[in-house]
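One structure below.
The values are calculated or read from the model by the stated rules, or taken from the named source; none is laboratory data. Nothing here was measured: the structure is a model prediction, and the numbers come from that model. In this analysis, Cβ positions are derived from the backbone assuming ideal geometry, glycine residues included, and neighbour counts consider all displayed protein chains.
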Amino acid sequence: MYVPRLVRACTCNKYDEVICMVSEVDDYDPIQELRNLRHSRIARGWGYEPSMFEEEEAPWVISDEALIHQHTWVPTKLRDGRLKNAEVYLGGGCDGECLADMEAVLERMGVAYQRVPGYIYP
C-alpha cells in the first residue's frame, strides 16, 4: 500500500514540490515507480564519517549516537533556506533509520515538518 500512496501523492498536484532524497551509494533507487515522477532529486547516503568531508563541510555533518547511522549530512541543495517557511510533509523510510536521518537534517536547519504516517514505511 505504501508505494501506490506515494505515487498518487507525487502526481496529484497537492504539493508544490516533491523532493526525493535518494542514496547514490551503489546507485540505489529503492522505489522505481517514483524515478520519473520526482520534482527534485537530491543525492544523499548513509555511512558518512566526519573525516570524509572537507573542513568547510564540518558544520553540516550531524553526529548523534541516537541515530542508527550515527552521522548524517545536510545536502548542499537543502541549505538555501527554501524550506524555512514552507509546509514540509515527511514520508519515506525506513522509519527510525534513514527517515530519522532526514528528521535530523530538518531539525538542524530549523525546519518544522509533519510526518505523514501513510507515506512512511517501517
Val22 versus (1) outside any loop (DSSP other than H, G, I, E, B); (2) at pLDDT below 80; (3) over 17 Å from Cys94 (Cα atoms): which is the lone unmet condition?
-> (3)
If a residue has to be in contact (Cβ under 8 Å) with a residue 24 or more places away in the chain, within 16 Å of Gln114 (Cα to Cα) and not β-branched (Val, Ile, Thr) to count, how many in segment 57-93 make the cut?
-> 9
Do you know which residues across segment 70-105 are in contact with a helix residue (DSSP H, G or I) (Cβ under 6 Å, 6 or more places away or on another chain) and either in a loop (DSSP other than H, G, I, E, B) or at positive phi (or both)?
-> Val74, Gly92, Gly93
Quickly run through segment 71-84 and pick out the residues that are surrounded by 15 or more Cβ atoms within 10 Å (Cβ to Cβ) and over 18 Å from Asp16 (Cα atoms).
-> His71, Thr72, Trp73, Val74, Pro75
State the number of residues belonging to segment 40-53 that are among the hydrophobic types (A, V, I, L, M, F, W, C) and either modelled with pLDDT of 85 or more or in a helix (DSSP H, G or I) (or both).
-> 2
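If only one of Glu107, Glu87, Glu103, Glu56 is closer than 16 Å to Cys20 by Cα, surrounded by fewer than 14 Cβ atoms within 10 Å (Cβ to Cβ) and at pLDDT 90 or above, which one is it? So that I can check it myself, show each step before the final result.
Numbers: Glu107 fails: closer than 16 Å to Cys20 by Cα; Glu103 fails: surrounded by fewer than 14 Cβ atoms within 10 Å (Cβ to Cβ); Glu56 fails: closer than 16 Å to Cys20 by Cα.
The match here is Glu87.
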